[in-house]
1. Can you list residues from other chains, or at least 5 along the same chain, whose modelled amide H is less than 5 Å from the amide H of Arg288?
2. What are the ³J(HN,Hα) couplings of the range 35-47, residue after residue, when phi is run through the Karplus curve with 6.51, -1.76, 1.60 and θ = phi - 60°? Round to Hz, x for glycine and proline.
3. Do any chymotrypsin sites (Phe, Trp or Tyr not before Pro) in the range 228-263 lie in a DSSP loop with no more than 13 other beta carbon atoms within 10 Å, and if so, which?
4. Count charges around Lys231 for me, please; just the other residues with Cβ under 14 Å from its Cβ, Lys/Arg as +1, Asp/Glu as -1.
5. Regarding the range 55-126, what's the average projected area of the Cα-atom convex hull, expressed in nm²?
6. As a test question: what accessible area, to the nearest 10 Å², does Thr93 have when a 1.4 Å probe is rolled over all protein chains in place?
7. From the phi of every residue in the range 50-59, what ³J(HN,Hα) in whole Hz does the Karplus formula 6.51 cos²θ - 1.76 cosθ + 1.60 yield, where θ is phi - 60° and glycine or proline is x?
8. Go through Asp146, Asp83, Asp284 and list them by solvent-accessible area, largest first, probe radius 1.4 Å.
Amino acid sequence: ADDAEVATLRAALAAEGCAPQAKELELLQATTAVELNTLRAENALLRRDLEKAVFALKGARQVMEEHHIEFRLTPTTPVPMHDLGSQKIPEDTYEVFVLGGVVSFAVLLFLCPFAKPCKRFCETRLHRVCPVIAVLNFCLVAGTLDYMDMVDFNEIFFFVVKVVSIAIASCQTVVVGGAVLVGLFVVWKFKDRILETVGLESGTLVVGDFRDWATCWSMRRFRAIEIFILKADSLPATTFSSGSDLFVEVALGYNMNMRTRVHHGAGQTCVFKESLQVNFDPYDCDSRLNLSVKSQSSLGNDTVSQAQLGAAQVVRLQEGLSGGAQPELLGWETSADMRSQGSAWSAARFHAIELVPAGRLYVRIVPVPEDDSTSCCWCCPTLFGSSRRY
């Protein structure tokens, strides 16, 4: 009320003999005036602060426009909270947990007929129990979704679609990666046949194996050996009209296939008296020394008999060099004398190897003496040259 109305009310109270009430009204008017002045002063301060804030916002907006920065304030609404005793959590989080519990209960309910002790009673009645459980789970999930305010069916549906799409994309990536790995394994497994198809006789020379990659393709592990071939006897007959044209073929690892001269009309017994040199790795347990006695014909070569020796067998048959002895002459440097015990072709120095399907091959294996060589590192023994007596 304004001052005129207050004065009129105070005069009426005095006329009616209510002096205390009139005095109290006067004191109340004075107090109200003081409070009103205080509020006006605070309002003036707030208006001044607001003007400063508006001025600062205008300056900030001008700077943002100069730097081409767009910033828009979006209105926010308070998040509904759910009371859990003394704790409060967001309503949407609470409903998600409730829905997760209901879905877990539905899954457990669906698995009950397949687990003990329900399995015993439901095993023969699954065609009746499973539809009932499916309807019950559907009603339970539908009722839960209808009770919830923050979670609806559309959100769940699109969430499931998103999860399924991610799973399909991940499965596609895994399947493609697995197919690539399987393809690489097949190519590696049949690399020798593939290289033979394109015309490479020994695919190992191109691809190598684990030892080559692990030793940086070092040749230090190889040792040159010389194989003396004296004769072969008790060989099976390959023709009825004339004798066989025999020769021996030696194959070992990376070495090219070595062959002796062809002995025409040899028959079931043949004296070769020849030597061949190959590189031998005593630690290679996979490679085999193949000794094949073959017969030459107009259309090709036929295998008469053959034998395979592993690395351990080759090491056992190999003759060692004595520490102080001079290296003996190589096969092509020796004489053909077989009667002298010291001769390289003495029959007593040869080992009889049983051939398959029949026959024996007399061989002798001797290491080739090495000359001293220099090298800058252990894995490159032939960088500046390394000589072997061949």
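The values are calculated or read from the model by the stated rules, or taken from the named source; none is laboratory data. What you see is a predicted model, and the numbers here were worked out from it, not measured in a lab. Note: ideal-geometry Cβ built from the backbone for every residue, glycine included; neighbour counts use all protein chains shown. Protein only, heavy atoms only, side chains kept; ligands, DNA and RNA dropped before computing areas. Shrake-Rupley method; radii C 1.70, N 1.55, O 1.52, S 1.80 Å.
1. Gly253
2. Coupling constants for the range 35-47: 5, 5, 5, 5, 5, 5, 5, 5, 4, 5, 5, 5, 5 Hz.
3. On the way: sites: Phe228, Phe240, Phe247, Tyr254; in loops: Phe240, Tyr254.
Sparse-neighbourhood loop chymotrypsin sites (Phe, Trp or Tyr not before Pro): Phe240.
4. On the way: positive: Arg261, Lys273, Arg349, Arg360, Arg364; negative: Asp233, Glu274.
My count for the surroundings of Lys231 gives +3.
5. Working: hull surface 45.2 nm².
Quarter of the Cα hull surface area: 11.3 nm².
6. 50 Å²
7. 5, 4, 5, 5, 5, 5, 5, 5, 5, x
8. Working: Asp146 130, Asp83 95, Asp284 20 Å².
Result, largest first: Asp146, Asp83, Asp284.
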